[in-house]
Structure formats: structure tokens, C-alpha cells
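Visitor: Have a look at the structure that comes next, please.
Nothing in this text is a laboratory measurement; each read-out follows from the coordinates by a stated rule. Note that this is a predicted model, so its numbers are computed, not measured. In this analysis, Cβ positions are derived from the backbone assuming ideal geometry, glycine residues included, and neighbour counts consider all displayed protein chains.
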Amino acid sequence: MNAISMSLMKKSQPCSVELGTSVTAMGALCEPGQTAVPLKPSATMLAAGARAGGVSVEIAWKIYQAMIHHAD
């Protein structure tokens with residue numbers, strides 16, 4: 001091994017804050033009733049929401065944004 005790889009292997013770095021936050025968030029998804037959703041829905045998702053709600057795709061998009069931005 002060269003000196004660079006040896007020094008990298010010897011250093012033990014603690015988990016970053018970002019990793020810890022990600023693990024916490026993923027743990028929350030394991031709770032009943034929780035799921036991950038995209039921030040931007042697909043056209044198919046918007047069309048399905050519009051049909052289900054009897055509204056236009058534009059209104060379905062506004063509803064989706066409101067739900068994402070105001071989730072607990």
C-alpha cells in the first residue's frame with residue numbers, strides 16, 4: 001500500500017451529522033402510516049389526483065404542494 005492509502009485507512013472518522021440525520025429520517029419511515037414521496041409528482045400522479053378529486057391537474061398540483069410543505 002502506498003502512504004496515502006495507509007493514512008486513510010488509519011483514520012477513524014465519526015459519522016457525519018448528515019448521515020445521522022438521514023438515519024433518523026429513515027427510522028421515522030418505519031413508523032406505521034409513514035412513507036416517502038417525491039417532492040415533484042409525476043404527470044401520472046397528478047392526473048390520478050385530479051381524477052380522484054374531480055379537479056384540474058393545476059389544482060391537484062397545488063394540493064400536492066400544500067401537503068408536502070405542511071407535513072408534520
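Visitor: Report ³J(HN,Hα) in whole Hz for each residue of segment 54-61, in order, from the Karplus equation J = 6.51 cos²θ - 1.76 cosθ + 1.60 where θ = phi - 60°; Gly and Pro get x.
Guide: x, 10, 6, 4, 4, 5, 4, 5
Visitor: Now, a different point. Using the basic label-point model (7 angstrom from Cα toward the beta carbon), what is the Arg51 to Thr21 distance in nanometres?
Guide: 3.8
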